[in-house]
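Peer 1: Attaching a single structure in structure tokens format; questions to follow.
Read-outs throughout are calculated quantities, based only on the coordinates presented, and are distinct from any laboratory measurement. Bear in mind the structure is a predicted one, so any value in this text is a computation, not a measurement. Cβ atoms come from the backbone with ideal geometry, glycine included; neighbour counts cover every protein chain shown.
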Amino acid sequence: MTTALSAPAALRARAARLDADDPMAPLRARFLLPPDVVHLDGNSLGPLPAAVPAALDDVVRRQWGTGLIGSWNANGWWEAPLRVGDAIGTLIGAAPGQTVAGDSTSVQLFTALDAAAALRPDRPLLVTDPGHFPTDRYLADAVARRRDLEVRRVEPADLPRFLAAEGHRVAVVSYSPVDFRTGELYDMRALTGAAHDAGALALWDLCHAAGALPLDVDAIGVDLAVGCGYKFLSGGPGAPAFLYVARCHHAVLETPLPGWTGHADPFGLAQEYTPAPGIARARIGTPPVLSLLALEAALTAFDGVDLADVRAKSLSLTGFLLDCADALLTPLGFTSVTPADPARRGSQVTLRHPHARGLVVALAERGVIADMRAPDLLRFGVNALFTTHRDLLTAALRLRDLTRDAAYDPAPPAAGPVT
Ligand SMILES: *Cc1c(COP(=O)(O)O)cnc(C)c1O
């Protein structure tokens, strides 16, 4: 007679098997993860890549300390926004010369929204997701005010229908392929196609997608895109973001912040602004070199990594966590808000529980770093480069124990800043 394994034992055996068979397991050594911590918040702040400390030390001591101002040329500081942009381009399916890195996501987003609206001057509508990340919503409103446009908030699922009816009046649609709260993944290709069928431009915010799944901005025909450097790209706190503009728009691209580093002849001191050719015209001012070069070093964690493999492992991880949640957490009042369908799932799992904040605080005290989104969502981000199935089971078991034993403060004091 065989004894059925208990749910945790069966999950433990499955995690061990999946981790043992994982061809990406060695990539975890490319990150300096603290021992005994399960880091499931890489979608908010990626951990420290092993290549970064030495690279930053070189930038500070040798390039800056010794090379001084000569490093703008000798160490390639001037070209860094374009070079790092191209490195990110390889992760989002952009051929070289269309991506620039250097300013924050919010700044790049403002640039992209305003420049997109300028490319469709005869159209009065800016369409965006009512559930978009706050900065995306605020900046859409700000650009609309400046340009006398009307913002329409349309759920991604309703976007094709909306465009079929009113698309001829739409300048740009601004969406994220992954909902930052639920982890739901939308069909970028289909929505970009729907925008184009209406003659509108498609602007994508790739903060929760770049480095997490294969992207193909060139092939899909994305017009503009932005994304974070500090989430799945692990470029460090406040890492520069990126802006992609499809080559077909470069010749007529007008950005709202035509700073001197985007000038065709930045050292010519001309009275009038003449934009540089290509994506360089989207540069603004002196770039944050230390942060840019930290990000450049961080991106080497992706060297030789196929994003199709990243996606396959990410789905295995999120699928496993959903199964853990089903077995261990739903009986305790958690519900999953992340689609079970892998085709509709980004690289995170989100669970709903009325005490989300208290549970996340208590989990962190027990070495599991997740985060929450008000009022009741617990978010667990997975990054195929370093997350293991065992990490996820550990998180689910600790969460089960905490909840079962009521070993947490259901209403802890409001946390400080957590993005
Ligand atoms: C993280 C995130 C941002 C962050 O913008 P910052 O300017 O870096 O603070 C913006 N948009 C989305 C969709 C995000 O997920």
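Peer 1: Determine the distance separating the Cα centre of the stretch 277-302 from the Cα centre of the stretch 194-209; give it in Å without decimals.
Peer 2: Centre-to-centre distance over Cα atoms comes out at 24 Å.
Peer 1: Hey, how many Å between the Cα centroid of the stretch 14-48 and the Cα centroid of the stretch 372-386?
Peer 2: Centre-to-centre distance over Cα atoms comes out at 15 Å.
Peer 1: Something else about it: State, as an integer percentage, the relative contact order of the chain based on alpha-carbon contacts under 8 Å between residues 6 or more apart.
Peer 2: Relative CO of the chain lands at 22 percent.
Peer 1: When only DSSP loop residues count, what chymotrypsin sites (Phe, Trp or Tyr not before Pro) in the stretch 207-311 have their Cβ near at most 11 other Cβ atoms within 10 Å?
Peer 2: Phe267
Peer 1: Across the stretch 51-57, in residue order, what do the Karplus-derived ³J(HN,Hα) couplings come to in whole Hz, using 6.51 cos²θ - 1.76 cosθ + 1.60 with θ = phi - 60° and x for Gly and Pro?
Peer 2: 6, 6, x, 5, 5, 5, 4
Peer 1: In the chain, which cysteines lack any other cysteine Cβ under 4.7 Å from their own?
Peer 2: By the Cβ distance rule, which asks for a partner under 4.7 Å, the isolated cysteines are Cys248, Cys324.
Peer 1: Take every Cα-Cα distance within the chain, group them into 10 Å bins from 0 onward, and report for each bin the whole-number percent of pairs it holds.
Peer 2: 5, 21, 29, 25, 14, 5, 1, 0, 0
Peer 1: In the chain, what percentage of the DSSP-assigned beta bridges are antiparallel, given to the nearest 5? Intermediate values should be presented prior to the final figure.
Peer 2: Working: 21 of 38 bridges.
If I count the DSSP bridges inside the chain, around 55 percent turn out antiparallel.
Peer 1: Also: How much mean residue ellipticity at 222 nm does the chain get from its helices, if each DSSP H run of length 4 or more adds -39500 (n - 2.57) and you divide by all residues, to the nearest 500 deg cm²/dmol?
Peer 2: -10500 deg cm²/dmol
Peer 1: Another one. Taking the alpha-carbon centroid of each part, what is the distance from the stretch 57-75 to the stretch 97-132 in angstrom?
Peer 2: Taking the Cα centre of the stretch 97-132 as reference, the centre of the stretch 57-75 is 34 Å away.
Peer 1: So which GluC sites (Glu not before Pro) in the stretch 270-378 are both in a DSSP loop and have at most 14 other Cβ atoms within 10 Å of their Cβ? Don't jump to the answer; show the numbers that get you there.
Peer 2: Numbers: sites: Glu272, Glu296, Glu365; in loops: Glu272.
When the GluC sites (Glu not before Pro) of the stretch 270-378 are filtered for loop state and at most 14 Cβ neighbours within 10 Å, Glu272 remain.
Peer 1: Please state the relative contact order of the stretch 52-302 as a whole percent: Cα pairs under 8 Å, 6+ residues apart?
Peer 2: On the way: 488 pairs, mean separation 61.4, N = 251.
That works out to 24 percent.
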